[in-house]
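Asks: Sharing a structure below in structure tokens format, with a few things to ask.
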Amino acid sequence: KRKWSIPTTPVGNIWKVPLPFTLKDEGESIALLNYLAEYFKSQTDESFGRFTTKSVDLSLSKRELNVNMNLLPVDLHIFQNVKIKVKKEKGRFNFDLLIERISGRDADWRILNRDFISRVREQFITWSSLPSEVKKKYMLR
């Protein structure tokens, strides 16, 4: 199978998705969290995309990024907490995406999150294609 598909399904109001992305360097994993925080902070206007962020909290000591957001359209009232967690396994740094549904219909939440998860994955792909000079700027934050 050439196309990536989400390997998990939600359990109750929680959806844990292991992202298909691994880094060897801890510094780069922190830089990637800085990059993702910047991406989520830029998503505050409904006219920009498929979700709007309400708050973004980056904890470098915990190696995690927490985001509170609404999925669009707003009239579906889908509010969720999202966590991107870096975990070290066998000398490599892997990423988990954890999504917690706060409000909204379960069926709508599942459908709209397929697009959201794909957008997060696209940010990882974009990161991997950035020049090293750009990545270094995120390491210095």
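Asks: Regarding Ala37, is this residue modelled with pLDDT of 95 or more, among the small types (Gly, Ala, Ser) and within 16 Å of the chain's Cα centre (by Cα)?
Replies: yes
Asks: Of the residues that sit in segment 1-37 and are in contact (Cβ under 8 Å) with a residue 24 or more places away in the chain and of a type in the set (D, E, K, R), which one is least open to solvent (accessible area, probe 1.4 Å)?
Replies: Glu28
Asks: Suppose the filter is closer than 15 Å to Pro10 by Cα and either without any contact (Cβ under 8 Å) to a residue 24 or more places away in the chain or of a type in the set (A, V, I, L, M) (or both); does Ile111 pass it?
Replies: Considered against the rule, which asks whether it is closer than 15 Å to Pro10 by Cα and either without any contact (Cβ under 8 Å) to a residue 24 or more places away in the chain or of a type in the set (A, V, I, L, M) (or both), Ile111 comes out as yes.
Asks: Here's another thing I want to ask about it. For segment 119-131, name all the residues that are in contact (Cβ under 8 Å) with a residue 12 or more places away in the chain and under 13 Å from the mean Cα position of the chain (by Cα).
Replies: Passing the criteria: Arg119, Val120, Arg121, Gln123, Phe124, Trp127.
Asks: Report, by residue number, each residue of segment 52-93 that is open to solvent by less than 30 Å² (accessible area, probe 1.4 Å) and more than 20 Å from Ala107 (Cα to Cα).
Replies: Thr53, Ser59, Glu64, Leu65, Val67, Ile84, Val86, Phe93
Asks: Does Gly49 meet the test of being of a type in the set (Gly, Ala, Ser) and surrounded by 12 or more Cβ atoms within 10 Å (Cβ to Cβ)?
Replies: Answer is yes for this residue.
The values are calculated or read from the model by the stated rules, or taken from the named source; none is laboratory data. Because the structure is predicted, anything quoted here is derived from the model rather than measured. Every residue, glycine as well, gets a Cβ built from its backbone with ideal geometry; the counts of neighbours run over all protein chains shown. SASA here: full protein model, heavy atoms, side chains in, ligands and nucleic acids out. Shrake-Rupley method; radii C 1.70, N 1.55, O 1.52, S 1.80 Å.
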